[in-house]
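Please read the structure below before turning to the comments.
The values are calculated or read from the model by the stated rules, or taken from the named source; none is laboratory data. Quantities reported herein were computed from a predicted structural model and do not represent experimental measurements. Don't worry about glycine lacking a Cβ; one is built from the backbone with ideal geometry, like all the others, and counts go over all protein chains shown. For accessibility, only protein heavy atoms count, side chains too; no ligands or nucleic acids. Shrake-Rupley method; radii C 1.70, N 1.55, O 1.52, S 1.80 Å.
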Amino acid sequence: MSVAAPKIKLYTNHNCPWAHRAHIALTELNLPYDEEIIDLYQPRTPEFLKINPRGLVPTMEFDGEIITESAIVTTFLADTFPSKLWPASAGPQGPLVRARINFFVDAYFSKAQSNWATLLIAKTDEEEKAAVAAYLDTVTKHVDPLLVDAAPFFGGSTTITLAEVLAGSWLLRVYSLPRYGIVPSSLLDDLATKAPNFDRWAKEVVKHPSVRCIWDEEKIVEGTKGWIAKQKASI
């Protein structure tokens with residue numbers, strides 16, 4: 001007897017890297033879903049605020065239950081549909097692998113990602129150089145060593161894991177924006193030299209079909225330029 005597929009509706013915005021995480025997980029798990037695009041530059045509608053009073057994306061409706069926050073949404077999906085994304089039933093090693101994935105994701109986002117945001121809104125050459133150096137330093141010291149066994153994905157996996165689901169949308173930006181002069185192009189050369197494990201891993205991640213499922217580079221570049229201009233104007 002077959003089990004009915006869950007009814008999934010994703011409230012999202014394709015330009016949002018946090019919402020992008022949910023798309024990667026749903027695509028990799030081959031789960032059908034409906035979506036509703038939320039305009040993040042307009043006040044949220046009363047209808048959406050009833051669903052998520054914080055007005056944030058992604059918000060997922062799963063068989064009538066509302067689940068919010070990108071890491072929670074993706075972890076829920078990985079828990080509900082056991083796969084190589086998240087070894088929920090991988091025997092005694094499962095909890096250890098999950099702990100390593102959690103540690104890795106925390107290392108990247110708590111150490112490196114804040115420096116990436118600083119880099120994007122740097123106003124002077126000196127600020128930009130300092131932000132590039134800080135990003136490279138944190139990736140080299142805290143992230144690169146955790147990827148020594150990537151083959152090509154986290155922990156030696158041949159398929160993407162939750163680590164790639166959670167980092168992929170940001171890596172697309174790191175490896176795309178330098179080509180448009182939004183951040184120094186030297187950043188990519190420096191990553192290859194100073195953080196070779198990270199660089200090899202990230203290059204595999206950003207070309208994965210599930211990671212690229214909603215990626216529209218032209219729109220992301222233009223949207224990022226607009227966001228940067230607004231941020232700099234408010235500082």
Item to check | Computed [θ] at 222 nm, deg cm²/dmol, the chain (DSSP H ≥ 4; -39,500 (n - 2.57); rounded to nearest 500) | outcome: -15500 deg cm²/dmol
Next on the checklist: Apply the a/c threshold of 1.5 to the C-alpha gyration tensor of region 4-97 and tell me whether it is rounded, prolate or oblate.
Outcome noted: prolate
Item to check | Accessible surface of the chain [probe 1.4 Å, protein heavy atoms]: carbon and sulfur percent | outcome: 55 percent
Next on the checklist: Could you compute the net charge surrounding residue 147? Neighbours are other residues with a C-beta less than 10 Å from the C-beta of residue 147; K and R count +1, D and E count -1.
Outcome noted: -2
Next on the checklist: I need the phi-derived Karplus couplings for region 56-65: 6.51 cos²θ - 1.76 cosθ + 1.60, θ = phi - 60°, integer Hz, Gly and Pro marked x.
Outcome noted: 9, 10, x, 10, 10, 9, 10, 6, x, 8
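Find the accessible area per residue for region 101-219; the probe is 1.4 Å, ligands and nucleic acids are left out, and the unit is Å². Kindly include the intermediate steps, with their values, before the conclusion.
Details: 5140 Å² over 119 residues.
Averaged over the residues of region 101-219, the accessible area is 43 Å².
Enumerate by residue number the chymotrypsin sites (Phe, Trp or Tyr not before Pro) in region 35-122 meeting two conditions: DSSP loop (anything except H, G, I, E, B), and at most 15 other Cβ atoms within 10 Å of the site's Cβ. Could you put the intermediate results ahead of the total?
Values: sites: 41, 48, 62, 76, 103, 104, 108, 109, 116; in loops: 41.
Those satisfying the criteria are 41.
Quick one: length gained pulling residue 142 to residue 96 fully straight, 0.36 nm per residue minus the C-alpha distance? Kindly include the intermediate steps, with their values, before the conclusion.
Details: separation 46, 0.36 × 46 = 16.56 nm, distance 1.90 nm.
That works out to 14.7 nm of additional length.
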Item to check | GNM result for the chain, Cα springs below 10 Å: residue of 17, 152, 178 fluctuating most strongly | outcome: 178
Checklist entry - Dimensions of region 94-149 along principal axes (Cα, Å, largest first)? => result 47, 17, 10
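Convert 37 °C to kelvin, take the viscosity as 0.692 mPa s, use the Kirkwood radius over C-alpha pairs of the chain as Rh, and evaluate the Stokes-Einstein diffusion coefficient in µm²/s, rounded to a whole number. List each step's numbers first, then the result.
Values: Rh = 18.8 Å.
For these conditions, the coefficient is 175 µm²/s.
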Checklist entry - Given the options 181, 155, 94, which has the most mean-square fluctuation in a GNM of the chain, springs set between C-alpha atoms less than 10 angstrom apart? => result 181
Checklist entry - Do any trypsin sites (Lys or Arg not before Pro) in region 19-102 lie in a DSSP loop with no more than 12 other beta carbon atoms within 10 Å, and if so, which? => result 54
